[in-house]
Amino acid sequence: MREWTREERYRVLKDASEIRGLYDSIKKSRYRQTYHIQPITGLSSDPNGFIYHKGTWHLYYQWCPWGAVHGLKYWYHTSSTDLVHWKNCGVGIYPDTFYDNKGVHSGSGFSDGDNLYLFYTGNHRDENWVRTPYTCVAKLEDSGKLVKAPKPLFGPHKDYTEHQRDPKVVYDKESQHYYILLGAQSKDLKGKVLIYRSDNLLTGWTFAGELKVPGFENLGGMWECPSIEHIAGKDILVFSPQYTKLPHRNQSTNHNVYLIGRMDFANLTFTAEGDFRHLDYGFDFYAAQFAANVQEGDRAILTAWIGLPDNHYPTEEEDWEGSLIIPRELRIVDGRLIQKPVPEMISLRQEELVLTDKLSRSCELAVENKDGQDFRLNLFTKENGSAGFQISYDKATKTCTIDRSQMDLRFNKAIGECLSLPLEKNLEKLSIFIDHSSVEIFFNDGEATFTTHLYPTESEAYFTASSNVTIKAWSLEKSVTDDFVV
Ligand code: FRU
């Protein structure tokens, strides 16, 4: 693992030519994906500003150009008209003011129909490296020009630590106020959400208070990327708690969870109807963002980072890592989120593949497990069927398990290489999306999902499946451009 100096990590990108060589070499990597958003160079982490505006989906990501390292962050801009064909649009927001001198950190988009606003955290540091986070706004004009407001909307609240960031803007019809939710940490090191209120998007923001979430006061030491969405008559609170271990996540201390319930903005209280659940049960899923109540008014689309803070991935050696999940459409059924790939994904299917024992490195698999029997499906095995990435199901306990410990390239061993989850229903169906360095698995039409990075070597090109399983497979169109646009 390469050691980076602070100067290297926080170097300002002055001209696109400075990273052209890096881009050219990264392009040759066997792990570059074809239908996932990924960084042109360096690191992509959280999705940001995900929004539908005037017929276009905008989706940004946290970007550090120089390598697979967290340093000076930019928002990199991608756009789409159908959620599956994405093009690179270049840097969306530069860290070029006093308030964001050490990074444009995460945030959200808000469209009032006519105007598109991007709310973000300006990560300011002084010469002693003391951090001051500012909540900032910029407007994306129809011409594509970004205009930053000259001053932040507000600075940090003195009663919390320096960890106050990731503004999410919500409009509450009842009170007719706008709210900004911020991920935060109390001085006794607990994860919190801070709420600011205004009746105008661009001015007059005041601190309303801390969000109360009765029963969930001790869930981690920092809540990153919070959001509240209204889906199918319910409210859902989503956040990424850190510095704690949680059930079903082995040794990981970074998670992405949700609660379904009711948000009362008048009393700043979110009342949950049940326990929290993980948004995804795989190894690499974090900082999810929604574009909810868009298009026909009731579509809710989810994106997230395939990756985790403080973790390291094999493509670091090649100076890049990270990507975003394929967009998922959400519903709420029986008190849980059901997540499916957006139906537009079907348009990417090319030919149906004749499956022998060879596995394509970019494809969709539709797996049927007749009568919900025990089964085992090993992807990326050796030619003799050994090793690989193991997906298994135990009917007696209705438990499914994924295990990446048998792959040639092992990584992040410390968080555990095996994850298990008991399902509600027998496992009869799996939908699996493979793309060079990631696998996303949807169990039982979205009852649970598992997302993981995987880096199969040349000899890991086969698969085995137990006999009760039938598999259909399609190759998928390359739908995300990988052009050098800076
Ligand atoms: C989550 C996060 C955010 C922050 C951003 C910085 O991964 O730590 O809280 O705004 O990344 O890149």
With Cβ to Cβ distances under 14 Å as the rule, what net charge do the other residues near residue 272 carry (K, R +1; D, E -1)?
0
Report the semi-axes of the equivalent ellipsoid for the stretch 51-103 in whole Å, largest first, where each axis is √(5λ) for an eigenvalue λ of the Cα gyration tensor.
24, 13, 7
Length-normalised contact order of the chain, Cα under 8 Å, at least 6 apart, in percent, tallies to 14
GluC sites (Glu not before Pro) within the stretch 63-170: DSSP coil, no more than 11 neighbouring Cβ in 10 Å
127, 141
Could you tell me the relative contact order of the stretch 370-460? Use alpha-carbon pairs under 8 Å, at least six residues apart, and round to a whole percent.
23
Quick calc, residue 56 & residue 207: beta-carbon distance into FRET formula, R0 45 Å, rounding 0.05, result 0.85
Per DSSP, loop trypsin sites (Lys or Arg not before Pro) in the stretch 15-67 with at most 12 further Cβ within 10 Å:
28, 54
Residues other than residue 234 with Cβ under 10 Å of its Cβ, Lys/Arg counted +1 and Asp/Glu -1, net out at -2
Loop sites only, by DSSP: take the chymotrypsin sites (Phe, Trp or Tyr not before Pro) in the chain that have at most 12 other C-beta atoms within 10 Å and name the longest stretch containing none of them.
130-486
Mind listing which GluC sites (Glu not before Pro) in the stretch 312-403 are in a DSSP loop and have 11 or fewer other Cβ atoms within 10 Å?
383
Can you give me the relative contact order of the stretch 106-224 as a percent, contacts being Cα pairs under 8 Å and 6 or more apart?
18
Tally Lys and Arg at +1 and Asp and Glu at -1 over the other residues with C-beta under 9 Å from the C-beta of residue 451: what net charge comes out?
-3
A 25 angstrom limit on the alpha carbon distance is what I want to check against. Which of 190/340; 27/245; 192/234; 358/478 exceed it?
190/340; 27/245
Applying the gyration tensor rule to the Cα atoms of the stretch 346-476 (axes a ≥ b ≥ c; rounded if a/c under 1.5, else prolate if a/b exceeds b/c, else oblate), the class is rounded
Shape box of the stretch 1-100 [Cα atoms, principal axes, largest first, Å]
42, 39, 23
Apply the Debye scattering formula to the stretch 6-341, with a single equal point scatterer on each alpha-carbon and no solvent, then give log10 I(q)/I(0) at q = 0.10 Å⁻¹.
-0.54
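The numbers here are math on the coordinates, done by the rules we state, and not lab data. The structure displayed is predicted, hence computed values, not measured ones. Counting neighbours? That spans all protein chains shown, and the Cβs are built from the backbone with ideal geometry, glycine included.
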